[in-house]
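The values are calculated or read from the model by the stated rules, or taken from the named source; none is laboratory data. Not measured: the values here are computed from a predicted model. Glycine also receives a Cβ, built like all others from the backbone with ideal geometry; neighbour counts cover every protein chain displayed.
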Amino acid sequence: MTTPKKTLWMTLVHLIAGALARSYYLTKFARLVVRVYDNDGNADMYKNGEATIIKMVASITNGDSTVVDVGANVGDWSAALIDAGYEGHLVAIDPLRRNLAKVRERLGTLDCKRLELCEYALADQTGTAEFYTNRDPTLSGHDSLYDMRVIGYDERLERVNVQCITLDELANNLMLSRIHFLKIDIEGNELCALRGAKSLLHSGSIDFIQIEFGHAARAARIYLHDIVNFVREYSYKIYVIKPQGILPVEFTPFTENRYSYINFLLVRNELVSGLKAHVLRR
């Protein structure tokens, strides 16, 4: 029940907000504050919290562990993992052979003992598909199974055919019974890749999953609630990755448009208690 005092207070707040909103620069500053608070649109892995997660992965794994880097691109994430001290089995997946060649070259200079390269695009079914790749190699991080121009990206693209596979099938081919950490950054196709891993998810064979969500998902016509509802079918809790730690996701209709792009961490329920030191309070 709203009291007269609370109603008066809210009216005053709205009047002040309305007055301040007349300033273009103050409004821009307020938007920036919100973006920084949400860690929205922060692509620097050493500032957005990804590096902290990478260090966590290295600290809780050993030589018998398996980490899978889906959308390895030129190997930035994998290289950071090795630099953090990871010593287990690393599977780098990318649909472009030229990217995998760069991954091999880059990780070859590091102490990566067990590297496996897989030339695939992860999807929810096996087969071939058209893949949109940038002619500008510095924009290779935008390469996708979806045409980013439909959502306003101004890029020079070319289409190539790539081989798709489900993670369930690939894991079977590689004889992977457990994946300790799965990182997926494939420009809008993250949910599709998860749908191709239903057997692994159902059996609890993947401990942690990091996925990116944002602009590219719009090209795939995927909403955040699609991901949240899919994950609810399995025993995982969703967190937002932030510089200071991880924050539990409390999904509402207003959450849908909150992020331009952000990284989420999915944690198997049985492992949630072990992450208490990393969990942020609101």
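Here residue 24 passes the criteria (1) in contact with a helix residue (DSSP H, G or I) (Cβ under 6 Å, 6 or more places away or on another chain); (2) of a type in the set (Phe, Trp, Tyr); (3) outside the structural domain of residue 208 (by TED's automatic domain parsing) except the one numbered (1).
Scanning segment 211-236 for residues that are within 12 Å of the chain's Cα centre (by Cα), modelled with pLDDT of 90 or more and of a type outside the set (A, V, I, L, M, F, W, C) returns a single hit, 212.
Remark: pairs (first residue in segment 226-238, in a helix (DSSP H, G or I); second residue acidic (Asp, Glu) and surrounded by 15 or more Cβ atoms within 10 Å (Cβ to Cβ); Cβ separation under 9 Å; 6+ apart in sequence or on different chains) = 227/190.
Working carefully through the options 233, 190, find the one that is in the same structural domain as residue 175 (by TED's automatic domain parsing) and exposed (fewer than 14 other Cβ atoms within 10 Å of the Cβ).
Details: 190 fails: exposed (fewer than 14 other Cβ atoms within 10 Å of the Cβ).
One residue alone meets the criteria, 233.
Looking across segment 120-150, the residues that are more than 19 Å from the chain's Cα centre (by Cα), within 24 Å of residue 77 (Cβ to Cβ) and outside any loop (DSSP other than H, G, I, E, B) come down to 129, 131, 132, 133, 134, 137, 138.
Conditions tested, residue by residue: (1) in contact (Cβ under 8 Å) with a residue 60 or more places away in the chain; (2) out of contact with any Gly (no Cβ under 6 Å at 6 or more places or on another chain); (3) buried (at least 17 other Cβ atoms within 10 Å of the Cβ).
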{"site": "205", "(1), (2), (3)": "no, yes, yes"}
{"site": "217", "(1), (2), (3)": "no, no, yes"}
{"site": "220", "(1), (2), (3)": "yes, no, yes"}
{"site": "243", "(1), (2), (3)": "yes, no, no"}
{"site": "248", "(1), (2), (3)": "no, yes, no"}
{"site": "269", "(1), (2), (3)": "no, yes, no"}
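Checking 111, 147, 154, 124 one by one, the residue that is over 18 Å from residue 89 (Cβ atoms) and surrounded by fewer than 14 Cβ atoms within 10 Å (Cβ to Cβ) is 154 and no other.
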